[in-house]
Amino acid sequence: MTREQVLEVVKRNMIDTIEELEGVEIDPAKSMKDLGANSLDIVEVVSCSMRELKVKVPRSELKNLQNINELVDLLHQVIEGKTQLAASA
């Protein structure tokens with residue numbers, strides 16, 4: 001899965017969770033809070049994205065993220081690591 005595909009999953013979950021984002025261009029350099037998300041919205045977006053991508057990321061790694069790009073990068077790294085493990089098995 002490409003980084004761009006991961007970004008699309010995160011954006012889709014943001015639009016599904018945060019009504020104000022319907023029809024709005026989402027700038028991945030911004031944080032979800034900048035785009036109007038409250039803490040429950042953020043948990044929902046991250047949880048739904050991880051479920052859809054079939055990955056788990058420890059909360060300790062999530063708490064230091066500053067923007068959407070960093071979340072996408074982290075999710076993509078986990079997917080890549082999982083793919084490499086499956087290939088070597």
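Some observations on this one:
- Largest-first principal axis extents, alpha carbons of the chain, Å: 44, 26, 20
- Degrees separating the helix 68-88 axis from the principal Cα axis of the chain, which is the longest one: 20 degrees
- Each residue of the stretch 38-50 was assigned a 3J(HN,Hα) from its phi angle through the Karplus curve 6.51 cos²θ - 1.76 cosθ + 1.60 (θ = phi - 60°); the sequence is 8, 4, 5, 4, 5, 4, 5, 4, 5, 4, 5, 5, 5 Hz, with glycine and proline shown as x.
- Inter-label distance, Leu40 to Gln77: 3.1 nm, where each label sits 7 Å from its Cα along the C-beta direction.
- Estimated [θ] at 222 nm from DSSP helical runs (n ≥ 4, -39500 (n - 2.57)) normalised by residues in the chain, nearest 500: -20000 deg cm²/dmol
- Of Lys30/Lys63; Lys11/Lys56; Lys54/Lys82; Lys30/Lys56; Lys30/Lys54, pairs whose Cα-Cα distance is over 21 Å: Lys30/Lys56; Lys30/Lys54
- Among the trypsin sites (Lys or Arg not before Pro) in the chain, those located in a DSSP loop and surrounded by at most 14 other Cβ atoms within 10 Å of their own Cβ are Lys30, Lys33, Lys54, Lys56, Lys63.
- Checking every one of the GluC sites (Glu not before Pro) in the stretch 19-89 against DSSP loop status and a limit of 10 other Cβ atoms within 10 Å picks out Glu22, Glu25.
Any read-out appearing in this document is the output of simple, stated calculations on the displayed coordinates, not a laboratory observation. What you see is a predicted model, and the numbers here were worked out from it, not measured in a lab. Here Cβ is always computed from backbone atoms with ideal geometry, including for glycine, and neighbour counts include all displayed protein chains.
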